[in-house]
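Worksheet: one structure, shown below.
Every number here is computed from the coordinates shown, using simple stated rules; none is lab data. Predicted, not measured: the structure shown is a model, and the values here were computed from it. Quick reminder, even Gly has a Cβ in these numbers, built from the backbone with ideal geometry, and neighbours come from all protein chains shown.
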Amino acid sequence: MFSIIAFSSLVIAIGSTYFASKGSFQLYWVSAFAIYIFSFLAGFSIGQLTVGFTFIPLSLAIGHSFRWIKSKKDSMYFICFGVLIGFLMVFFVDNLLFYPLFSLLH
């Protein structure tokens with residue numbers, strides 16, 4: 001059951017990222033949430049690697065929400081920022097990134 005939810009959220013993440021890049025920028029929020037759910041359900045092997053990808057659509061969503069992204073060059077800055085933040089969070093914070101969802105399991 002969890003595998004179906006995990007891979008469904010991966011498909012939603014990929015699809016919403018595609019449509020967000022085509023102009024529906026509010027779908028970056030959906031993509032970030034779906035990647036986070038996939039990472040949580042994928043466990044602590046591949047999940048620890050993919051949780052860093054959450055910060056790429058999250059940074060793009062924030063950039064578009066505040067209208068800071070006006071060109072492709074601005075998008076690339078936010079993508080690089082998301083990659084950097086994601087790497088730092090995975091490297092330094094590690095499993096603590098999943099703790100908001102751990103409280104739902106108790």
Practice prompt. Could you work out the relative contact order of the chain, using alpha carbon pairs under 8 angstrom and six or more residues apart, expressed as a whole percent?
Written response: 23
Discussion item. Using Cβ counts within 10 Å as a stand-in for footprinting exposure, how do Ser39, Ser75 rank, fewest first?
Written reply: Ser75, Ser39
Worksheet entry | Inter-part distance where the stretch 52-84 and the stretch 22-38 are each reduced to a Cα centre, Å | 12
Discussion item. Suppose the chain between Ser8 and Leu96 were pulled fully straight at 0.36 nm per residue; how much longer would it get relative to their current alpha carbon spacing?
Written reply: 29.3 nm
Discussion item. Could you work out the pair-distance distribution P(r) of the stretch 13-106 from its alpha-carbon pairs, with 10 angstrom bin width and percents rounded to whole numbers?
Written reply: 18, 47, 28, 7, 0
Worksheet item: Between Met89 and Leu49, what is the spin-label point distance in nm, taking each point 7 Å from the Cα along the Cα→C-beta axis?
Response: 1.9
Worksheet entry | Candidates Leu96, Leu49, Leu60: whichever shows maximal mean-square fluctuation once the chain is modelled as a Gaussian network with Cα springs under 10 Å | Leu96
Discussion item. Please check: in the Gaussian network model of the chain (C-alpha springs, under 10 Å), which one of Gly82, Gly47, Gly23 has the largest mean-square fluctuation.
Written reply: Gly23
Worksheet entry | Of Ser31, Ser16, Ser71, the one that fluctuates the most in a GNM where the chain has Cα springs shorter than 10 Å | Ser71
Discussion item. Testing the spin-label approximation: label points 7 Å from Cα along Cα→Cβ at Phe66 and Met1. State their distance in nm.
Written reply: 4.1
